[in-house]
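What follows is a short report on a single structure.
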C-alpha cells in the first residue's frame, strides 16, 4: 500500500486539529475527515449521534487545512480516542463526503455490514426522496465501497457502514443557498436536516446487541 503524505498520528498532532469523542450507546457515528476537509460531515454525524443517544468520534481540520489520510490508514494504534470509540461500539456508521460528475444526488452506502447498510438505506429512502440511495456494492465505484479491513468503519465487533454524501445533501451547492425550504431557526438546508433525521431514526431502530 502506498503510504499517505501525512500519517494519521502526524495529522492529529498538527495545530488546530481537534479530536472529539462522545461515548454513549454501542451504536456509533464517526466523521474522521471532518472540519474543512469533507465539510459538514462532522456536524451531520455528531448531531445524528446526539439525537439517537449514539456514540460519536470526529476529527476536525481547521481552515485552510485539507489533508486527506485515506481511511485504511486512519489507525486506532495512533489515537487512544479512536481506539476507545471502536472498542466501545458494536457497529459504526462513518460519514464521508465525495463529489463526482453526474452523481450529485447519489448517496452511497458501503462498508462490510450489509444488513446494517440495508437498514440505513431504508431509512434514508424514506427521508430523502429527492436522492438515489445506493446500497448495491456493484453500483458503487470501487474506491468508495469502504471494504478495506483496516477502514475504521469495519473494525468494531460487528463492523459497520460507510456513507458517502454528495455536496448537495450536505448543503454545499447553489441549490442549497437559494432553496426556499431552508429551515429558518438553523439556516440549514432542509435536505441536510432530513438526512440527520433519517440517520438518527436508523440508529434508534437498530437492535441493541444481546448477550453483553
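The values are calculated or read from the model by the stated rules, or taken from the named source; none is laboratory data. Model, not experiment: these values are computed from the prediction. Counting neighbours? That spans all protein chains shown, and the Cβs are built from the backbone with ideal geometry, glycine included.
Of note:
- Subset of segment 62-100 (residues that are in a strand (DSSP E or B) and surrounded by 22 or more Cβ atoms within 10 Å (Cβ to Cβ)): 91, 92, 93, 94, 95, 96
- Filter result (surrounded by fewer than 20 Cβ atoms within 10 Å (Cβ to Cβ) and touching a helix residue (DSSP H, G or I) at 6+ places or on another chain (Cβ under 9 Å)) within segment 135-151: 137, 145, 147, 148, 149, 150
- Subset tally (residues that are closer than 21 Å to residue 78 by Cα and surrounded by 15 or more Cβ atoms within 10 Å (Cβ to Cβ)) for segment 8-35: 17
- Inclusion of residue 43 among residues that are surrounded by fewer than 21 Cβ atoms within 10 Å (Cβ to Cβ), within 11 Å of the chain's Cα centre (by Cα) and at pLDDT 95 or above is warranted.
- Test for residue 15: is it at pLDDT below 95 and either part of a loop (DSSP other than H, G, I, E, B) or touching a strand residue (DSSP E or B) at 6+ places or on another chain (Cβ under 7 Å) (or both): no
Results for (1) surrounded by 17 or more Cβ atoms within 10 Å (Cβ to Cβ); (2) modelled with pLDDT of 95 or more, shown as yes or no for each residue.
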site: 153; (1), (2): yes, yes
site: 158; (1), (2): no, yes
site: 162; (1), (2): yes, yes
site: 181; (1), (2): no, no
site: 184; (1), (2): no, no
site: 200; (1), (2): yes, yes
site: 210; (1), (2): no, no
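- Number of residues in segment 46-56 that are crowded, with 16+ Cβ neighbours inside 10 Å, touching a residue at least 60 places away in the same chain (Cβ under 8 Å) and in contact with a helix residue (DSSP H, G or I) (Cβ under 6 Å, 6 or more places away or on another chain): the value is 4.
- If the condition is being more than 16 Å from residue 15 (Cα to Cα) and not in a helix (DSSP H, G or I), then segment 34-57 contributes 38, 39, 40, 53, 54, 55, 56, 57.
- Every listed requirement among (1) within 24 Å of residue 90 (Cβ to Cβ); (2) touching a residue at least 40 places away in the same chain (Cβ under 8 Å); (3) out of contact with any helix residue (DSSP H, G or I) (no Cβ under 8 Å at 6 or more places or on another chain) is met by residue 68 save one, (1).
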